[in-house]
Amino acid sequence: MAKVKVCKVSDIKEGEGKLVQANGKQIAVFKKDGKFFAIDNTCPHMGGSLCDGDIDNEEVTCPLHMWKFNIKTGENTMPGIGKIGSYKVEVQGSDLFIEA
């Protein structure tokens with residue numbers, strides 16, 4: 001996996017998500033408690049954009065049909081559903097990088 005600069009740290013507000021592109025992938029980046037997390041942006045259920053979902057604790061809720069995913073691991077918090085990709089995030093100065 002290659003490390004890719006995706007945005008400035010200041011582009012993402014606390015408790016919100018942002019859609020970024022890294023190596024052809026759409027990735028949702030979240031800032032929670034001052035830390036950054038990255039998972040696949042597309043919900044596997046109906047293609048909802050997770051970066052637009054509400055964050056509660058460590059979960060983001062898909063705005064279409066309320067599927068929930070852990071922003072750290074990509075695990076769906078509904079039993080038996082599976083997971084989506086999660087990515088390592090690194091801050092270098094004022095820039096945010098993702099390994100994707």
Item to check | segment 57-100-segment 3-33 distance, computed between alpha-carbon centres (Å) | outcome: 11
Checklist entry - Long-range amide H contacts for Trp67: which residues qualify at under 5 Å (H placed 1.01 Å from N, peptide plane, sequence gap of 5 or more or a different chain)? => result Cys62
Checklist outcome for this item: A convex hull over the alpha carbons of the chain yields, per residue, a volume in Å³ of 82
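Within 10 Å, count the other beta carbons around each residue, average over each peptide in 25-38, 43-56, and list them highest first.
So the peptides 25-38, 43-56, ranked by packing, come out 25-38, 43-56.
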Checklist outcome for this item: So, relative contact order of segment 1-65 in percent, Cα under 8 Å, 6 or more apart, is 23
Item to check | Any cysteine of the chain lacking a neighbouring Cys Cβ under 4.7 Å - listed by number | outcome: Cys7, Cys51
Checklist entry - So, in nm, how far is label Lys8 from label Gln26 when the simple model puts each one 7 Å beyond its Cα toward the Cβ? => result 2.5
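Determine, for each peptide in 88-96, 71-79, the mean count of other beta carbons within 10 angstrom over its residues, then list the peptides with the highest first. Let's see the in-between values first.
Values: 88-96: 13.0, 71-79: 15.9.
Highest to lowest by the protection proxy: 71-79, 88-96.
Bear in mind that the values in this text are calculations on the coordinates, not laboratory data. This is a predicted model, so every value here is computed, not measured. FYI the Cβ positions are ideal-geometry reconstructions off the backbone, even for glycines, and counts take in every protein chain you see.
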